[in-house]
Amino acid sequence: MELSTNGFFDLIAVSVTANLKYKGQKASFEMVIMPITWDRADAVAIVLSDITFQENIIALKQADKNKDLVMATVSHELRTPLNGIIRLLQILETKIPQEDQSENISLCKDNAILLLNIVNSILDLQLVRNGELKLKLAQVNICELLKETVKLFQFMASQKKIRLESQNHE
C-alpha cells in the first residue's frame, strides 16, 4: 500500500476545531479532513485529535502571566506611599520627640522599611522569573541584623506577654 498526497487534492484540506461539553467537562477537538491518494485510489483522510490538554496549558500560561502583571503592578503601587510614610517618619525622628514617642516613631519607621523590603522582594521575584535578577555580594553584620529583627517584633511580643530578646556572644 502506498500513501501519498500528490496531485490536485493537495490544495484542498479542511481543519475544524470544536469545543464540546460532556457531563459538565469541556473538551476540545480538532478534525482535519484531507483528500489523499491511497493505493492508487482517491480517498479522504480524517484525523481527529483531542486538543483539550493543549488549550489548558495555554490558559494556564496566560493566567500565570496575568498573575505576574498584577503582582508587579500592586508592588509598584505600594512602593510610592510606603516611601512617603518612611520619609515622614524620618522627619518626625529629627524633631526631638519625647522618649516614648521617639521609640514608637522608630518602630513605625522600621516596620515601614520592612514592608517596603517585602514589596521589593516581590519585585525581585518577578526579575528572577524573567531571568533578569543580578546578585551582588555584600557584607552583613549578622548581630546587628538579629538585633533589628528582634526590635521589629518586640512590641507585638509584649502585647502577647511574650519575652523576646537576643544575645550577642562576640
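Read-outs: derived from the displayed coordinates by stated rules, not from any lab. Keep in mind the model is a prediction, meaning the values are calculated, not measured. With ideal geometry, Cβ positions are generated from the backbone for all residues, glycine too; neighbour counts draw on all protein chains shown.
Stretched out straight at 0.36 nm per residue, the stretch from Phe53 to Ser106 would grow longer than its current Cα-Cα span by 13.7 nm. Placing +1 on the Cβ of each Lys and Arg and -1 on the Cβ of each Asp and Glu in the chain, which of Val16, Ile36, Ile57 has its Cα farthest towards the positive end of the resulting dipole? It is Ile57.
Can you flag which of Lys26/Lys61; Lys26/Lys67; Lys109/Lys147 are past 20 Å Cα-Cα? Numbers along the way, then the final one.
On the way: Lys26/Lys61 18 Å; Lys26/Lys67 24 Å; Lys109/Lys147 15 Å.
Lys26/Lys67, as the Cα separations exceed 20 Å there.
Between Lys160 and Thr94, what FRET efficiency follows from the Cβ-Cβ distance if R0 is 35 Å, with the result rounded to 0.05? Efficiency, rounded to the nearest 0.05: 0.65.
Stretching Ile122 away from Asn168 to a fully extended chain increases their span by 13.4 nm, per 0.36 nm per residue minus the current alpha-carbon distance. Dipole check for the chain: with +1 at the C-beta of Lys and Arg, -1 at the C-beta of Asp and Glu, and the Cα centre as origin, the magnitude is about 600 Debye.
Based on alpha-carbon positions alone, could you give the equivalent ellipsoid semi-axes of region 15-153 from the gyration tensor, as √(5λ), descending, whole Å? All intermediate terms of the calculation are to be shown ahead of the outcome.
Working: eigenvalues 761, 58, 30 Å².
Taking √(5λ) for each eigenvalue gives 62, 17, 12 Å, largest first.
For region 72-123, the Cβ-based charge dipole about the Cα centre amounts to some 260 debye (Lys, Arg positive; Asp, Glu negative; other atoms uncharged).
Axis angle, to the nearest 10 degrees, between helix 99-129 and the longest C-alpha principal axis of the chain: 20 degrees.
Sequence-ordered 3J(HN,Hα) estimates for region 152-162 from the Karplus curve with 6.51, -1.76 and 1.60 and θ = phi - 60° stand at 5, 9, 4, 4, 4, 5, 5, 4, 9, 6, 10 Hz, glycine and proline given as x.
One chain, two ends: Lys67 and Ile142. Fully extended at 0.36 nm per residue, the span grows by 23.5 nm beyond their Cα-Cα distance. In the chain the longest region clear of trypsin sites (Lys or Arg not before Pro) that are loop-assigned by DSSP and have at most 16 other C-beta atoms within 10 Å covers 41-94. Each label was represented as a point 7 Å from its Cα along the Cα-to-Cβ direction; for Thr149 and Leu133 these points are 1.8 nm apart.
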